[in-house]
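Structure, as structure tokens:
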Amino acid sequence: MQRVLLVTEKKETLQLLHQIELEDAFQLVGVHQKNHYPLPSPFGDIPIFTDPPVPGLNVDLLIFSPSLKERADYLHENEYPNSGKLPVSQFQELLSQFNEKKIAVTDLGHLQQLKTILDNTHDGMIVIDQHLTITIFNKSAEKMTGLSKEDAVGKSILEVMPNSQLPRVLDSGVEEVNQEQILANGTKIYTTRTPILDLEGRKQGAFAVFKDITEIVDLAEEVTNLKSIQSMLSSIIQSSEEAISVVDEQGKGIMINPAYTRLTGYTAEQVIGKPATTDISEGESIHMQVLKTRKPVRGARLRVGPNRKDVIVNVAPIIVDGLLKGSVGVIHDVSEIKGLTEELNRARQIIRTLEAKYSFEDIVGNSEEMNFAVDQAKLAASTPATVLLRGESGTGKELFAHAIHNASSRKFNKFIRVNCAALSESLLESELFGYEEGAFSGAVRGGKRGLFEEANGGSIFLDEVGELSQNTQAKLLRVLQENEIRRVGGTKAIPINVRVIAATNVNLEKMIADGTFRQDLYYRLNRMPIYIPPLRSRNNDIILLAYHLLQKLNQDYGRNIDFISKDAEEFLLAYHWPGNVRELENVLGRAIIHMSHTDSQINRSHVSLLSREDSKPKQGTSMNGLSDEDVSKPLAEQIDEFEKNILTEAIERCNGNKTKTAKSLGISLRNFYYKLEKYGLDEKLRK
């Protein structure tokens, strides 16, 4: 029977007492305690000590708790050197194995009785006898070393594992704890090597218990990498100029950055650990919405901080392995975005002034007619087809030409503009197609490339194409049909790849009938016709255009006109604008020029229109059709009277149909109702 001394904590002592009581192979001879406490019956006579130990105690086996290992080592070396020593976990495992396998234990020195037990432990274990022969080589040892039990047991440890340190432990009799070692197959282990001594202290062998720490090392490296990534991400968030807020799954703040503090005015102490609603002064928490729905939210408007800053918030959930861990929000100051947008618009206006570049975003108008024209132009931009822009002078045909080029696949190549009415026939031909050396008197030496060659790969805009001579029309037709040009005075055809965008404000069909425009050229040019409506056909766009033009005029004249008064707007809406957008720009420009530098609003008195009447007034009437008696009235009254008469006649002509009347006058129904109320004509309609 083995005499056992316990060097254990209270909880482990009580567990072991019960097990020892049931096992006939062990006899408890003493208990060393860290803090003194009585033992239960029937162990009341067992000596208990803290320090110093009980002298003369006969101990075969010393069982210790891991937390008291140093004390157990001291007792083993100084008080009970002839005893064996086992941790609590190994002792309990031995007891369990004994009970399961019904092994009678009479002496722990008999290694054969332990083979079956040790073979089933999770840790690798190798045991050698005093002759260095391997007696136990368990399954875990096989797995870690890559060696089989048949090739190991019965052979010298130095033959099987030449780098084993067990012979050294057997020779020194000193235990080696948690030593790192790399096996021959590259497996990294931590091993504890212990000598096996009999009751008289004679060396019976040695054993090693070891764990494969390759996976543990990999996991530790992964944890280290994760910590490195976490540190890097934290540094990025802290240095970001974007305001960032992070909350946990409960909606409580866990991280903010300095940009957040600058924007909202809240510090980390005021936000961390607090609900996500803490910083909101107006609106609902987007963090809580995202945590509830698990879906991101973009572009939400809120007011935050004590200064009620107007912000836009983008928030996304943080989901790890399908579990919601919180959400992260990025906050943008709307005032800053607005300032940057205005700065961008100013920069774009400057670029347009320098390079005359326009896009579809520069075409102003919400009317159905203009939207249709823009849609047609966008469709044309996506094809290589020739485009014919038609419309009155001043409607913006060149603006459309720029936009079509910039929206096409040729936008990175040249865009050449030619006004066909601005050059004589001979000069236009040489400019368009180029000339060879000596083609005519004064020709540049070596010849000159024409505009079609310059535009190769890009687009050429032929404005006022109806002004081309018959000869030039024939050459242009060849370009469109054959995709090649021939220089003036040359004989060699030069292939080109040019997209032609033509524009005219004349009736080409009438010119064909008159024989002044080639029908075959018309069919080539009119492949993708786009009609740009006059300003009078899109009355609703007048005020929108007026404010757009004001921005350009303010920049040109160094002024700061922000508003147009209501009566001035009404006057602009009532005019039929024969000169279209160009005339509107002219009227606004003249108004700004004659205004004071301190004015910020265009009033009715600032706006003056050029008379377009060709006929002289009849006897007794003025140019506007009013009598001599009416002319003596103030200008505003004369205009109102004239407008009222026109409305009355239109109402009678359309039999009181308001929609039809507004359409015949070319004004919106809303503007028509306003004028009816202004002149009291709505009462007349009700009667």
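Tallying residues that are out of contact with any strand residue (DSSP E or B) (no Cβ under 8 Å at 6 or more places or on another chain) and under 11 Å from Val247 (Cα atoms) within the stretch 305-325 yields 0.
Do we have Ile561 as among the hydrophobic types (A, V, I, L, M, F, W, C), closer than 27 Å to Phe461 by Cα, within 42 Å of the chain's Cα centre (by Cα) and not in a helix (DSSP H, G or I) here? The answer is no for Ile561.
Scanning for something open to solvent by 20 Å² or more (accessible area, probe 1.4 Å), part of a strand (DSSP E or B), closer than 29 Å to Leu521 by Cβ and at pLDDT 90 or above, does the stretch 360-380 turn up at least one residue? Among the residues of the stretch 360-380, not one is open to solvent by 20 Å² or more (accessible area, probe 1.4 Å), part of a strand (DSSP E or B), closer than 29 Å to Leu521 by Cβ and at pLDDT 90 or above, which makes the answer no.
Just one of the listed residues (Pro617, Pro634) is of a type outside the set (A, V, I, L, M) and either modelled with pLDDT of 80 or more or surrounded by 13 or more Cβ atoms within 10 Å (Cβ to Cβ) (or both), and it is Pro617. Considering every residue within the stretch 257-269, establish whether at least one is under 21 Å from Leu324 (Cβ atoms) and of a type in the set (A, V, I, L, M). There is no residue in the stretch 257-269 that is under 21 Å from Leu324 (Cβ atoms) and of a type in the set (A, V, I, L, M). Scanning the stretch 401-418 for residues that are under 18 Å from Gln376 (Cβ atoms) and either among the aliphatic types (A, V, I, L, M) or in contact (Cβ under 8 Å) with a residue 60 or more places away in the chain (or both) turns up Ala401, Ala403, Ile404, His405, Ala407, Ser408. So, in the stretch 231-252, how many residues would count as being open to solvent by less than 60 Å² (accessible area, probe 1.4 Å) and over 14 Å from Lys325 (Cβ atoms)? Result for the stretch 231-252: 6. Based on what the data block shows, is Leu263 in contact (Cβ under 8 Å) with a residue 40 or more places away in the chain and open to solvent by less than 30 Å² (accessible area, probe 1.4 Å)? In short, yes. Looking only at the stretch 131-141, residues that are more than 17 Å from Lys188 (Cβ to Cβ), open to solvent by less than 20 Å² (accessible area, probe 1.4 Å), at pLDDT 85 or above and of a type in the set (A, V, I, L, M, F, W, C) come to 2 in all. Taken together, Leu62, Leu28, Leu5, Leu57 contain a single residue that is part of a strand (DSSP E or B), touching a Gly at 6+ places or on another chain (Cβ under 6 Å) and modelled with pLDDT of 75 or more, which is Leu5. Where helices (runs of 4 or more DSSP H) sit wholly within the stretch 142-188, those with at least 1 residues that are open to solvent by 50 Å² or more (accessible area, probe 1.4 Å) and under 17 Å from Asp123 (Cα atoms) occupy 149-152. Remark: Ala208 falls outside the filter, which requires a residue to be assigned to a helix (DSSP H, G or I), in contact with a Ser or Thr (Cβ under 9 Å, 6 or more places away or on another chain) and at pLDDT 80 or above.
Taken as a whole, the stretch 77-86 holds at least one residue that is among the aliphatic types (A, V, I, L, M), open to solvent by less than 80 Å² (accessible area, probe 1.4 Å), at pLDDT 70 or above and under 22 Å from Glu21 (Cβ atoms).
For Thr194, the requirement of being surrounded by 12 or more Cβ atoms within 10 Å (Cβ to Cβ), out of contact with any strand residue (DSSP E or B) (no Cβ under 7 Å at 6 or more places or on another chain) and polar (S, T, N, Q) is not met. Residues satisfying the criterion are present in the stretch 569-577 (criterion: part of a loop (DSSP other than H, G, I, E, B) and either of a type in the set (A, V, I, L, M, F, W, C) or open to solvent by 50 Å² or more (accessible area, probe 1.4 Å) (or both)).
Counting the residues of the stretch 578-594 that are open to solvent by less than 10 Å² (accessible area, probe 1.4 Å), more than 44 Å from the chain's Cα centre (by Cα) and touching a residue at least 24 places away in the same chain (Cβ under 8 Å) gives 1. Of the numbered criteria (1) part of a helix (DSSP H, G or I); (2) at pLDDT 80 or above, the one Ile667 fails is (1). Annotation: of all residues in the stretch 398-454 being among the polar types (S, T, N, Q) and at pLDDT below 80, the one that is nearest to Asn580 (Cα to Cα) is Ser424. Under the condition of being assigned to a loop (DSSP other than H, G, I, E, B), surrounded by fewer than 18 Cβ atoms within 10 Å (Cβ to Cβ) and of a type outside the set (D, E, K, R), the residues counted in the stretch 497-534 number 7.
The values are calculated or read from the model by the stated rules, or taken from the named source; none is laboratory data. Not measured: the values here are computed from a predicted model. Quick reminder, even Gly has a Cβ in these numbers, built from the backbone with ideal geometry, and neighbours come from all protein chains shown. Keep in mind that these areas ignore ligands, DNA and RNA; they rest on the heavy atoms of the full protein, side chains included. Shrake-Rupley method; radii C 1.70, N 1.55, O 1.52, S 1.80 Å.
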